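> Sharing a structure, written as structure tokens. Questions coming.
The values are calculated or read from the model by the stated rules, or taken from the named source; none is laboratory data. Keep in mind the model is a prediction, meaning the values are calculated, not measured. Reconstructed Cβ throughout: ideal geometry from the backbone, glycine too, with neighbour counts over all protein chains shown. What goes into the accessible areas is simple: the full protein's heavy atoms, side chains included, and nothing from ligands, DNA or RNA. Shrake-Rupley method; radii C 1.70, N 1.55, O 1.52, S 1.80 Å.
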Amino acid sequence: MPQKVRIALDAMGGDVGASVVIPGAATALTRHPDTEFLLYGDRASIDPELAKHPALKAASRVIHTDIAVSMHDKPSQALRRGRKTSSMWLAIEAVKKGEADVAVSAGNTGALMAMARFCLRTVPGIDRPAIAAVLPTKRGDSVVLDLGATIGGDAQHLVQMAVMGSAMASVLFDLQRPTVGLLNIGVEEIKGHEEIREAAELLRVMNLPQLEYVGFVEGDGISKGAADVIVSEGFSGNIALKVAEGTARQIVDFLRTEISKSWMAKIGYLFARGAFRALRDKLDPNKLNGGVLLGLTGMVVKSHGGTDAEGFAYAINVGYETVRNDLLTKINGMLNRDGGALARAQTAQEAVS
């Protein structure tokens, strides 16, 4: 385990770039003093922000580049224009070269996925990476994936995500056999697209020792904690995440409005403000920020593009924890345990077909 956690930041990523990334890194450094940063981007934008945070400046190295991936760039455009020259690419490449332990970017999701896949490559047996995050539930925490790395996916891709998600849950939650559910429009076996039904059949046939498949999970099952791992293709998964975040903000806004309507409500708030603060913290979307790109040979974390400095600090925290938990090594070990879960997935699909 490294004495220092080396984190490469795409300082130009996100809606506003360095003005969020730098103060976010400064906040993360106060939480994890054993961190060093590589800051990739336009020095003219980075240096004025860095000057406001002397401790961060002492723990950072700036690598200048004029090229930044736009939030509107298509993945193909980003690769053509920014390969080997953009702040996003260089942050990812630092992981490949061993100069950083993890890369964090709030940039264009499609571009980040394309660059990460092109630069780092996927691990054997994985066709496409997935974005996974830990979400709070009534029962505890659950790993949810894919949150928008790719759109669509066949049964084999869903099974691969189930295996990767269960490996992540095993590491983070210290579970021998995490429960896994497939996000669907109903719990009945006849519901859902053909790919989802086929993936369910594959997981039943495989009966993997790494995970316990518990069936389909409806949308409300995410917040209920219906399974330790909930798997969806990226389109539905991203919608589910955004709905959850929007609902959380709506509840907080409703509470704030109702409390301000009368003196009695304000007095009631004074007596219950500890509970309200705890509720606000649980519903704070910033604390959910940071999705891990699973299935790559290196660690990359995706932050929301529109997050603030506090939210970006949480994304850095996610990256820090992946390194301190040695997540990549442990997940690869889980994937290859007991003869290789992914190889068994392929065999099972051939049997079902």
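> Can you compute the modelled spin-label distance between W263 and I251, with each label point 7 Å from Cα toward Cβ, in nm?
The answer from the label model is 3.2 nm.
> Using 0.36 nm times the number of residues separating K224 and I190, minus their current alpha carbon distance, what extension gain do you get?
Additional length available on full extension: 10.0 nm.
> Under 10 Å, Cα contacts only: if you run a Gaussian network model on the chain, which one of E321, E189, E258 comes out with the highest mean-square fluctuation?
E258
> Further, regarding this structure: Mind checking the full-extension length gain between Q3 and F118? Use 0.36 nm per residue of separation minus the Cα-Cα distance, one decimal, nm.
Full extension of this stretch gives 38.5 nm more.
> In the neighborhood of T137, defined by Cβ-to-Cβ distances under 10 Å, what is the net charge if each Lys or Arg adds +1 and each Asp or Glu adds -1?
Taking every other residue near T137 into account, the sum is +1.
> Using modelled amide H (1.01 Å from N, peptide plane; none on Pro or chain starts), what sits under 5 Å from the amide H of G215, excluding residues fewer than 5 places away?
Sorted by chain and number, the residues that satisfy this are L182.
> Just need the relative contact order of the chain here, percent rounded to a whole number, with Cα pairs under 8 Å and 6+ apart.
Averaging sequence separation for qualifying contacts and normalising by length gives 22 percent for the chain.
> For R324 and F235, what is the calculated FRET efficiency with R₀ set at 22 Å and r taken between the beta-carbons, to the nearest 0.05?
0.10
> Round to a whole number: what % of the accessible area of the chain belongs to carbon and sulfur, probe 1.4 Å?
Carbon and sulfur together cover 54 percent of it.
> Given H placed on each backbone N at 1.01 Å, which residues far from G14 in sequence or on other chains put an amide H within less than 5 Å of it?
A106, G107, N108
> Continuing with this model, one more query. Over the range 13-114, what is the mean sequence separation of C-alpha contacts under 8 Å (at least six apart), divided by residue count, expressed as relative contact order in percent?
It rounds to 31 percent for the range 13-114.
> Take the alpha carbon atoms of the range 176-234, find their center, do the same for the range 1-76, and report the distance between the two centers in whole angstrom.
For the range 176-234 versus the range 1-76, the Cα centre distance is 38 Å.
> Taking only the alpha-carbon atoms of the range 1-140, what semi-axes of the equivalent ellipsoid follow from 5 times the gyration tensor eigenvalues under a square root, in whole Å, largest first?
Ellipsoid half-lengths, sorted descending, are 23, 20, 15 Å.
> Here's another thing I want to ask about it. What is the extension gain from V16 to T85, computed as 0.36 nm multiplied by their sequence separation minus the C-alpha to C-alpha distance, in nm to one decimal?
Stretched out fully, the V16 to T85 stretch lengthens by 22.9 nm.
> For the chain, what does the helix formula give at 222 nm: sum of -39500 (n - 2.57) over DSSP H segments with n ≥ 4, over the residue count, nearest 500 deg cm²/dmol?
Rounded to the nearest 500, the figure is -16000 deg cm²/dmol.
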